[in-house]
1. Scanning segment 30-52 for residues that are surrounded by 13 or more Cβ atoms within 10 Å (Cβ to Cβ) and within 23 Å of residue 146 (Cβ to Cβ), which turns out nearest to the chain's Cα centre (by Cα)?
2. Out of the residues in segment 103-139 that are touching a helix residue (DSSP H, G or I) at 6+ places or on another chain (Cβ under 8 Å) and within 15 Å of residue 79 (Cβ to Cβ), state the one that is surrounded by the most Cβ atoms within 10 Å (Cβ to Cβ).
3. Could you count how many residues in segment 35-56 are acidic (Asp, Glu), assigned to a loop (DSSP other than H, G, I, E, B) and either more than 8 Å from the ligand (Cβ to nearest atom) or without any contact (Cβ under 8 Å) to a residue 40 or more places away in the chain (or both)?
4. Which one is nearest to residue 3 (Cα to Cα) among residues in segment 63-75 that are more than 16 Å from the ligand (Cβ to nearest atom) and open to solvent by 40 Å² or more (accessible area, probe 1.4 Å)?
5. For segment 1-16, give me each residue that is open to solvent by less than 10 Å² (accessible area, probe 1.4 Å) and away from the ligand (no atom under 12 Å from the Cβ).
6. Check off (1) farther than 17 Å from residue 90 by Cβ; (2) in a helix (DSSP H, G or I); (3) within 13 Å of the chain's Cα centre (by Cα) for residue 11 and give me the number that stays unchecked.
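The values are calculated or read from the model by the stated rules, or taken from the named source; none is laboratory data. Remember, predicted model here, so these are calculated numbers, not experimental data. Because the Cβ atoms are built from the backbone with ideal geometry, glycine has one as well, and the counts that use them run over all protein chains shown. The protein model used for the area step is the full one, side chains on, heavy atoms only, and it has no ligands, DNA or RNA in it. Shrake-Rupley method; radii C 1.70, N 1.55, O 1.52, S 1.80 Å.
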Amino acid sequence: MVCLGNICRSPLAEEILRKKLSIAKVKNVMVDSAGTAGFHIGEHPDKRSTENALRHGIDISKHLGRQFSVHDFDDFEVIYVMDHSNQKDVLIKARNEHDRSKVRLILNESYPGEDRPVPDPYFGGEEGFELVYNLLDEACEVISAKFK
Ligand code: 4NP
């Protein structure tokens, strides 16, 4: 799961999917998140994202920000990006067509072919975080169902 800062959207996507896989008793799937930027490496998620997640029974407080690296193409089969800017920044790091084929806009899982972004909530209010939660919950439901 990849966003810009790895403190709002992607840590939430990571934990929502992890929880759904756990409920579905799906094992041996590695889920992680990263940011394309390096601003928040080693930081805990944004307080507003942590509090919103907690209201939905999801704990992202222990996550520590890290930056997306080219090695992630080797470690993961699918790289879900939140928006078109993340998509561009991740694709710049791709070494070949195989790497490029792993990169997907996450909302194409729940809204196939629409190329919808998960809006960046960082500069907005609480309603932005709630929208992000609902969009990611829908998408992760579809992703989790693939493993059943
Ligand atoms: P995220 O949100 O990409 O969902 O983690 C942001 C976090 C930090 C910044 C922008 C977006 N920033 O400009 O520092």
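1. 33
2. 106
3. Result for segment 35-56: 1.
4. Filtering first and then ranking leaves 70.
5. 16
6. Result: residue 11 fails condition (1) only.
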